[in-house]
Amino acid sequence: MDNIQTLGVIGAGQMGAGICQVAASAGLEVLMLDVADEIVARGQQTIEHSLDRLLKKGQITAEEQTATLSQIKGTTTPHELHQADMIIEAVSERFDLKVQVLQRVENIAPSALLATNTSSISITKLAAKLSRPERFVGMHFMNPVPIMPLVELIAGLQTSPKTLKTTEALAKKLGKTTVRADDQPGFIVNRILMPMINEAFVALAEHLGTAKDIDAAMKLGTNQPMGPLELADFIGLDTCLAIMEVLHTGIGDPRYRPSPLLRRYVEAGWLGRKTGRGVYTHKA
């Protein structure tokens, strides 16, 4: 399938909803799947609020907002994905869960290309669990998807050149700039970003500075828009921990060992903005 017209997205969370929004804005028919009606409804609300902000900033028109929303259909019925030309999985960063989801959807839509939005897990390892690994690719969007221009494209050993070329064309149709990353733990962005975030937790645990001072130092001293601890809360501390564990296990270097403080926060359920508490306390 060289020309993607209908896109399926599995996961209506922050990343999945963002992918749905940019795809619908580009004129694609979009199917947004999740396990419960209330989750799908939250995903649709996320898209509506995002479009409202763009409208107020004058970046889109009311007609474009209406057209984008009309392109998205939320569903809890996996079989509806059979009509998709390509399906992007955007579920939690867990290998076993991703394999389960991908194997199921592969049976539902055997002719579709499959992609994963994983931020760290091996594409080759995931592809080995599929019956058509040559039609599988990594397509790592950045968060928030409607704002961030980058998509990392990652080919597994089994990914065909045609699959990679079609995926690259889709990313460009969505208005994204692509880079090709080798299939190594964390790819490019998280291989560099997550150790910095992890080191910020080490610095916090060692009382090198308060959370606010650490973030202020990095924002003002290195011209970053968000400090590393603030960014960790935005991403989700559980996601940060999962990526650090992939890096540590996959590379085997002790410098990638997750910070014990980061692990404790996750064990406490302090996951960041999505739970109202992480390094910082967030209003609902």
Quick one: which residue in Ile154, Ile235, Ile214 is assigned by TED's automatic domain parsing to the domain that holds Ser122, among the β-branched types (Val, Ile, Thr) and either closer than 14 Å to Ser259 by Cβ or under 17 Å from the mean Cα position of the chain (by Cα) (or both)? Ile154
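Does Gln44 meet the test of being under 17 Å from Ala17 (Cβ atoms), assigned to a helix (DSSP H, G or I) and of a type in the set (S, T, N, Q)? Before the answer, list the steps.
On the way: under 17 Å from Ala17 (Cβ atoms): yes; assigned to a helix (DSSP H, G or I): yes; of a type in the set (S, T, N, Q): yes.
Here the answer is yes, as Gln44 does meet what is asked.
The values are calculated or read from the model by the stated rules, or taken from the named source; none is laboratory data. Since the model is a prediction, treat every value here as computed from it, not as a measurement. Methodologically, a virtual Cβ is constructed for each residue, glycine included, from the backbone with ideal geometry; neighbour enumeration extends over all protein chains shown.
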